[in-house]
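Some notes on the structure that comes next.
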Amino acid sequence: MPSDHDVAACPSCGERIRWTTTATGRRQAVNANPNPAGNAAVYRDGVGTLRSRGLTTERPNPEAYERLYMPHVATCPAPRRPRSRHTAPRQRSGVRPAPWQGWTR
């Protein structure tokens, strides 16, 4: 599995990572090289997509077709901070329209 065709660069630190898809459909970045100390079991599904799952108490060991990788968020020296939706108060402009009064004839 460790071919370089699906390796990308981390947008924060520039390290080599691989993008995987979790069981819930979310994307997770893992370091590009397998790590026996990692807690993400990564495998390729039938169509070639990298899938990952976390090790749990029910399944603490990787299956025969999985390799252990370290999630990149655990080792990134410059992690991205989530952007706040409201960084500054919104500027108001113009006049608010009057509430609808209905037409009377």
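Within the range 64-80, find all residues whose amide N lies under 13 Å from a label point positioned 7 Å from the Cα of Arg26 along Cα-to-beta-carbon. Only 73 fall inside the zone, counting backbone N under 13 Å. With a Förster radius of 30 Å applied to the C-beta separation of Ser12 and Gln91, the computed FRET efficiency comes to 0.45.
Values in this text are rule-based calculations from the coordinates and carry no lab data. Just so it is clear, the model here is predicted, and its values are computed rather than measured. Cβ coordinates were reconstructed from backbone atoms using ideal geometry, including for glycine residues, and neighbour counts include every protein chain displayed.
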